[in-house]
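Colleague: Before anything else, here's the structure in question.
The values are calculated or read from the model by the stated rules, or taken from the named source; none is laboratory data. All figures in this text were calculated on a predicted structure; none of them were measured in a lab. Please note: Cβ atoms are built from the backbone with ideal geometry, for glycine as well, and neighbour counts cover all protein chains shown. Remember, those area values only see protein heavy atoms, side chains included, never the ligands or the DNA or RNA. Shrake-Rupley method; radii C 1.70, N 1.55, O 1.52, S 1.80 Å.
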Amino acid sequence: MGFRKKNKSPPVLSHEFVIQNHADMVSCLAMVILLGLMFEVTAKFAIMFITVQYNVTQVLGEGSCWILLLYSVNFYQYGPKDAATVVFYLLIAVILHALIQEYILDKMNRRLHLSKTKHSKFNESGQLAAFYLFSFAWGCSILTAVRGPSICYCVKFFYICQIAYWLHALPELYFQKVRKEDIPRQLYYICLYVVHITGAYVLNLHRLGLVLLVPHYLVELLFHASRLFYFSDENKQKGFTLWALLFVIARLLTLTVSVLTFGFGLPRTDNQGFSLAEGNFNVLTIRMTCLAAICLTQAWMMWKFINFQLKKWREHSQNQGSKKKTTSPKSKPYKREPARGGATNGIVKSDDRTSPRARKAKAS
């Protein structure tokens, strides 16, 4: 990882060199962009990478439908320059990723002495838990804040950072040397996040996206925090039970809000029609496409969740069955022989290896 001190440096520009020093390289590139602010010639280009663009002043029309809160037009629009802003904060995400890995997760891994498989999952959960915690707190602050130009800036900046983070996760698969068998699983959820968040940003469904992301991030935060506690102590599994309950509730909440928004709310608003210049996409085709995408994603997540729970239930049943066999009482077998009188009552242990003459003398 970046920021590490190595005794033996690999060849320059080799794969190992790039992996070990990628955070330093990215830091230099981000520093070059920041230095561009110091010169008048380059300032207008550097500012495009650092601050959000397309600030416009719009007068919001009044509406009687409550669903307008989920589909209001912001004071900030989007355009091609947003790609430069996403690239810059993608670089920042790579640097923060390396800092968390180097100064927090690696130190914890040295104390826990995890296997290679658990080590990879521990790093993944540690990074995602930090991101979900930050995004959940940020999303809650936006939803509870008073609406105005400043909150519109925060909403756009929130989406820029979200897109940048999930795009940065793609090169991190290479930088973190993720195992080949884990790459398809991580690619699935990374692509789903990029598509859904970018779709909400482009279609001006900012408020709806926040309402759906905040509870989802809370559930995911609980899951990865529970997995971190599980890796530190395998007896700590109560968090997974709470996660399973909240996971189902979050799926139902997502479906309910989506159906109410796309099926009943947006069709009744005044801003019907398609206008790319105004950022209005309130037509039946787009509404049904968005609703279908959300429903299919939630169904896929529930299918994976059910299969995961069934697999864990089978493993638990097998472990319980094996424990019952190993904990059965191990008593020494007895065999009955013809009574010879005396206190033994004709019962001797099968492991009594004394001769018949000795047993006769003992009985007499």
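Colleague: Tell me which residues, restricted to the range 187-211, are out of contact with any Gly (no Cβ under 6 Å at 6 or more places or on another chain), crowded, with 17+ Cβ neighbours inside 10 Å and in contact (Cβ under 8 Å) with a residue 60 or more places away in the chain.
Modeller: If the condition is that a residue be out of contact with any Gly (no Cβ under 6 Å at 6 or more places or on another chain), crowded, with 17+ Cβ neighbours inside 10 Å and in contact (Cβ under 8 Å) with a residue 60 or more places away in the chain, then His196, Tyr201, Leu203, Leu205, His206, Arg207, Leu208, Val211 are the ones that fit.
Colleague: Consider Leu173 against the criteria (1) open to solvent by 70 Å² or more (accessible area, probe 1.4 Å); (2) assigned to a helix (DSSP H, G or I): it satisfies all of them except one. Which criterion is unmet?
Modeller: Condition (1) is where Leu173 drops out.
A quick yes/no check of all residues on (1) under 30 Å from Leu260 (Cβ atoms); (2) modelled with pLDDT of 90 or more:
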site: Asn7; (1), (2): no, no
site: Glu16; (1), (2): no, no
site: Gln20; (1), (2): no, no
site: Ile47; (1), (2): no, yes
site: Ile50; (1), (2): no, yes
site: Gly63; (1), (2): yes, no
site: Ile92; (1), (2): no, yes
site: Ala98; (1), (2): no, yes
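Colleague: Here is a follow-up. Go through (1) touching a residue at least 40 places away in the same chain (Cβ under 8 Å); (2) closer than 30 Å to Asn109 by Cβ for Ile183 and report which single condition fails.
Modeller: Failing condition for Ile183: (1).
Colleague: Given (1) in a helix (DSSP H, G or I); (2) under 16 Å from the mean Cα position of the chain (by Cα), identify the lone condition not met by Leu210.
Modeller: In the conditions (1) in a helix (DSSP H, G or I); (2) under 16 Å from the mean Cα position of the chain (by Cα), Leu210 misses (2) alone.
Colleague: Are there any pairs with C-beta distances below 7 angstrom linking a residue in the range 287-312 that is under 13 Å from Val195 (Cβ atoms) to a residue that is polar (S, T, N, Q) and assigned to a helix (DSSP H, G or I), with the two at least 6 apart or on different chains, and if so which?
Modeller: Ile294/Thr254; Ile294/Ser258
Colleague: So, Leu187, is that one within 13 Å of the chain's Cα centre (by Cα), aliphatic (A, V, I, L, M) and within 30 Å of Val52 (Cβ to Cβ) or not?
Modeller: Yes: the conditions hold for Leu187.
Colleague: Confirm whether Leu205 is modelled with pLDDT under 95 and more than 26 Å from Val52 (Cβ to Cβ).
Modeller: Criteria not met by Leu205.
Colleague: Right, Leu112: farther than 29 Å from Ser258 by Cβ, in contact with a Ser or Thr (Cβ under 9 Å, 6 or more places away or on another chain) and at pLDDT below 90 or not?
Modeller: yes
Colleague: Hey, can you tell me all the residues within the range 73-114 that are open to solvent by 60 Å² or more (accessible area, probe 1.4 Å) and part of a loop (DSSP other than H, G, I, E, B)?
Modeller: Selection gives Gln77, Tyr78, Pro80, Lys81, His113.
Colleague: Of the residues that make up the range 229-241, is at least one open to solvent by 20 Å² or more (accessible area, probe 1.4 Å), within 17 Å of the chain's Cα centre (by Cα), touching a residue at least 60 places away in the same chain (Cβ under 8 Å) and over 26 Å from Ala164 (Cα atoms)?
Modeller: yes
Colleague: For the range 19-51, how many residues are free of Cβ contacts under 8 Å to residues at least 24 places away in the same chain and assigned to a helix (DSSP H, G or I)?
Modeller: Qualifying residue count for the region: 20.
Colleague: Out of the residues in the range 258-283 that are open to solvent by less than 20 Å² (accessible area, probe 1.4 Å) and of a type in the set (Val, Ile, Thr), state the one that is farthest from Asn55 (Cα to Cα).
Modeller: Ranking the candidates gives Thr261 first.
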